[in-house]
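The values are calculated or read from the model by the stated rules, or taken from the named source; none is laboratory data. Since we're looking at a predicted model, the values are computed, not measured. So basically every Cβ, Gly included, is an ideal-geometry build from the backbone, and we count neighbours across all protein chains shown. For the accessible areas, the whole protein counts, side chains as well, though only heavy atoms, and no ligand, DNA or RNA atoms are used. Shrake-Rupley method; radii C 1.70, N 1.55, O 1.52, S 1.80 Å.
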Amino acid sequence: MITSTDAQIADWLARAHKTSSVAAREWASDLVAMLPLGNRFDAVRIRPEVVQAAASSDDWRTISEFLTDVIDGPVIHDPFTWYYALVPPQTTETWRSPLARCIGRGSWLGVPRTDRRTSYRPYWAVPMARAGDLCSPIAVAELIHLGHARLTEGAR
């Protein structure tokens, strides 16, 4: 069920596309809309094993709670590939962590409908609280470094 807050967030996200109605149609038919990065937001692409190590869990509920507490910003999880932390536009220009890639202008991201909280398809591991609320790049980098440290400790 889409709430009024979800609708406001969806409207804000859809305006990343030149034609916001395209995003609305994609959400209606596919539950995921392809949105361009670099205008409203960039995304830090994080390997699932890094997030799982940081959270000390592979349970999606535990990971979602952990991410909510640690980076307090929207995170999309595509269960077949990556986690994507949504960060302010132009973060790609200052991103320095070699452990994850920040993607922006010229790239597109499959963004789930705002009411998708669990699924075998892309979903919001941490939903956007309000239109325009994004993750702090510093908090995302700290999460990545924590997960990487735990992975390398476990490998020893």
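Below, the figures for the structure above:
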{"item": "Charge dipole magnitude, Cβ of K and R +1, D and E -1 - the chain, Cα centre, debye nearest 20", "result": "420 debye"}
{"item": "For the chain: accessible area per residue (Å², 1.4 Å)", "result": "51 Å²"}
{"item": "Carbon plus sulfur fraction of accessible area for the stretch 101-142, probe 1.4 Å, in percent", "result": "50 percent"}
{"item": "Among Met128, Gln90, Ala54 the positive-end extreme of the charge dipole of the chain (Cβ point charges)", "result": "Gln90"}
{"item": "Bins of 10 Å, starting at 0 and running to the largest distance - Cα pair percent for the stretch 114-156", "result": "23, 31, 35, 10, 1"}
{"item": "Packing rank of 5-11, 16-22, 83-89, where each peptide gets the mean count of other beta carbons within 10 Å, highest leading", "result": "83-89, 5-11, 16-22"}
{"item": "Local electrostatic count at Asp58 - Lys and Arg +1, Asp and Glu -1, tallied over other residues with Cβ under 15 Å", "result": "0"}
{"item": "As computed over the chain, the Cα convex hull volume per residue (Å³)", "result": "100 Å³"}
{"item": "Mean shadow area of the stretch 16-92 over all directions, Cα convex hull, nm²", "result": "5.7 nm²"}
{"item": "Charge sum, other residues only, whose C-beta stays under 13 Å from Arg130's C-beta, Lys/Arg counted +1 and Asp/Glu -1", "result": "-4"}
